[in-house]
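Note sheet for the following structure.
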Amino acid sequence: MQTVLVTGGAGFIGANFILLARQNHWFNIINLDKLTYASNLENLALLQADPNYHFVQGDIANVELVSYLLDKYQPNAIINFAAETHVDRSIFSPQTFIQTNVVGTFNLLETTRFYWQKLSPQNQQQFRFLHVSTDEVYGSLSTKEPAFREDTPYAPNSPYAASKAASDHFVRAYYHTYGLPNLTTNCSNNYGPSQFPEKLIPLTILNALDGKPLPIYGDGQNIRDWLYVIDHCEAIYLVLQKGTIGETYNIGGLNEQTNLTVVEKICTILDELAPKSGLRHSSLMTFVPDRPGHDRRYAIDCNKIISELGWKPKENFDSGLLKTVQWYLDNSNWVNQVRSGAYQNWLKQNYENRQAK
């Protein structure tokens with residue numbers, strides 16, 4: 001069985017990918033994660049006794065550590081999930097995003113290049129570096145513009161998006177300059193089990209359960225294409241196995257929704273699954289001033305991965321959202337564990353200090 005080094009594997013998407021990979025016996029996994037605020041090893045507790053899964057705490061920017069892991073485990077592929085991902089945090093602290101997303105990815109690429117160049121010609125041909133990125137690198141769309149394609153020019157509008165765009169360019173350059181066999185995926189907004197509750201969907205679910213205000217930026221008409229995380233993980237595996245070296249594949253859920261609609265749908269589900277006497281959850285919705293540089297619409301054209309690799313999302317938004325809400329209702333211990341003091345401080349800084357309309 002092949003061995004894959006997964007970076008950022010204790011985060012939301014990475015952990016779901018690792019669990020799916022080991023459940024389906026896709027390959028042995030070495031998980032390298034820095035364990036920042038959004039990482040959670042409890043997400044991978046089911047693998048504690050799995051001899052084909054190994055966790056290592058560390059930074060992708062640590063050249064010595066990554067070199068050691070590559071030499072020791074001789075992976076056949078690297079999947080790079082490691083990234084700072086929250087736009088609001090990038091507005092308050094852009095330096096962290098440059099360090100992880102740009103410098104970290106560069107160091108990982110450089111270390112991987114030296115490792116790859118020492119492999120036998122056969123192993124060099126089989127090796128893959130898969131870089132997981134975002135649709136936010138493409139900028140913003142109006143409601144009438146066509147969805148992002150793989151050849152859409154980059155136009156990032158936030159420090160987060162700019163840092164991911166830079167990392168994408170480095171990945172591309174390492175293929176064209178050095179021949180490093182890599183692949184890039186750009187996905188739309190992910191949602192699903194075990195997402196850290198700073199993102200819209202888990203934040204709305206947990207605030208609603210606590211009877212707290214449900215903050216909605218601006219007029220709530222910002223549109224996102226929502227991708228269920230398991231659909232995303234299956235797409236990544238397919239790209240790793242069958243994708244054309246040097247190519248980019250857009251992965252979308254084919255589920256465009258306004259932020260207001262997302263919050264309303266969550267409220268409707270909670271009214272049924274977790275009713276509160278005398279309260280409709282939608283009454284908690286609170287409009288707050290828009291964040292700086294808030295992109296109006298993202299939409300993914302994923303015809304390339306559909307036509308070339310035969311992938312399609314299995315979940316529509318209603319089915320995926322119902323599964324997601326149910327997961328948070330069923331996992332109160334997980335919720336309590338992630339609600340650290342640092343998370344509470346973040347909520348206060350980002351939402352409570354905003355003047356509600």
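The values are calculated or read from the model by the stated rules, or taken from the named source; none is laboratory data. Please read all numbers here as calculations on a predicted model, not as lab measurements. For neighbour counting, all protein chains shown are included, and Cβ atoms are generated from backbone atoms with ideal geometry for every residue, glycine included. Just so you know, the surface numbers come from the protein's heavy atoms only, side chains and all, with ligands and any DNA or RNA stripped out. Shrake-Rupley method; radii C 1.70, N 1.55, O 1.52, S 1.80 Å.
Some observations on this one:
- Per-residue packing, averaged as other Cβ atoms within 10 Å, sorts the ranges 113-126, 220-233 into the order 220-233, 113-126, beginning with the highest.
- Mean Cβ count within 10 Å, highest first, over the residues of peptides 285-293, 77-85: 77-85, 285-293
- Each Lys and Arg adds +1 at its Cβ and each Asp and Glu adds -1 at its Cβ; summed about the Cα centre, region 73-213 shows a dipole of about 300 debye.
- When peptides 135-143, 331-339, 65-73 are sorted by average Cβ neighbour count within 10 Å, with the highest value leading, the order is 135-143, 65-73, 331-339.
- The mean sequence separation of alpha-carbon pairs under 8 Å and at least six residues apart, normalised by the residue count of the chain, gives a relative contact order of 17 percent.
- Principal axis dimensions, the chain - Cα atoms, whole angstrom, descending: 68, 47, 38
- Treating each Cα of region 204-258 as an identical point scatterer and summing with the Debye formula, the log10 of I(q)/I(0) at q = 0.14, 0.25, 0.30 Å⁻¹ comes to -0.60, -1.01, -1.11.
- The overall shape of region 65-171 is oblate: from the C-alpha gyration tensor, with semi-axes ordered a ≥ b ≥ c, the ratio a/c is 1.5 or greater and a/b is no larger than b/c.
- When the solvent-accessible area of region 207-288 is split by element, carbon and sulfur atoms take up 49 percent of it, the probe being 1.4 Å.
- Looking at the chain, the accessible area is 42 square angstrom per residue; that uses a 1.4 Å probe and ignores ligands, DNA and RNA.
- J(HN,Hα) series, region 77-90, from Karplus relation 6.51 cos²θ - 1.76 cosθ + 1.60, nearest Hz, glycine and proline x: 7, 10, 10, 9, 8, 4, 5, 7, 10, 8, 4, 4, 5, 5
- Region 6-133 - convex hull of the alpha-carbon atoms, volume per residue in Å³: 103 Å³
- Base-10 log of normalised Debye intensity for region 119-266 (one unit scatterer per alpha-carbon) at q = 0.16 Å⁻¹: -0.95
- Cα-based shape type of region 189-230, given that a ≥ b ≥ c are square roots of the gyration tensor eigenvalues and the cut on a/c is 1.5: oblate
- Rounded to the nearest 20 debye, dipole of region 1-140 from Cβ charges on Lys, Arg, Asp, Glu: 380 debye
- Spin-label model distance (nm) - residue 176 vs residue 126, 7 Å beyond Cα toward Cβ: 3.0 nm
- Dipole magnitude of the chain, debye to nearest 20 (Cβ charges: Lys/Arg +1, Asp/Glu -1, about Cα centre): 160 debye
- Region 24-142, accessible surface, carbon-and-sulfur percent (1.4 angstrom probe): 52 percent
- Amide H contacts under 5 Å for residue 190, placed H, 5+ residues apart: 227
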